[in-house]
Amino acid sequence: MKTEWLKSFIETAKTKSLSKASEQLHMTQPALSKQMRKLEEDLGVTLFIRSATGVELTSAGEILLQEGESILSSVHALQKN
């Protein structure tokens, strides 16, 4: 899993929208969608329930959101050393 994908996942989960998250991340919505599909494939789980009105987290998505920021903090701490 790439940390870039995790950052994108967290932004998408918080905004509950691929469109809004892509704007915040300064990337296209199709590129963000592709990242999220790759993350789901990499982890072997579905993270989002997608609809015309946005996205909703699955139970696996809820777990990743809870742990994701901690994971990113740990990665950043390791990179500083």
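A compact table of results
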quantity	calculated
Residue satisfying all of: in segment 44-65; loosely packed, with under 15 Cβ neighbours inside 10 Å and not β-branched (Val, Ile, Thr); farthest from residue 18 (Cα to Cα) among these	44
Filtered residue count, segment 37-78, keeping only those that are farther than 14 Å from residue 12 by Cα and touching a residue at least 40 places away in the same chain (Cβ under 8 Å)	5
Residues located in segment 31-55, provided they are modelled with pLDDT of 95 or more and polar (S, T, N, Q)	33, 35, 46
In segment 26-36, the residues that are more than 11 Å from the chain's Cα centre (by Cα) and closer than 17 Å to residue 14 by Cα	26, 27, 29
All positions within segment 58-79 that are within 14 Å of residue 6 (Cβ to Cβ) and modelled with pLDDT of 95 or more	60, 61, 63, 64, 65
Close pairs (8 angstrom Cβ cut-off, 6 or more residues apart or separate chains): surrounded by 15 or more Cβ atoms within 10 Å (Cβ to Cβ) and modelled with pLDDT of 95 or more in segment 7-30, among the small types (Gly, Ala, Ser) and not in a helix (DSSP H, G or I) anywhere	17/54; 18/54
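The values are calculated or read from the model by the stated rules, or taken from the named source; none is laboratory data. This is a predicted model, so every value here is computed, not measured. No Cβ is skipped: glycine too gets one built from the backbone with ideal geometry, and neighbour counts run over all protein chains shown.
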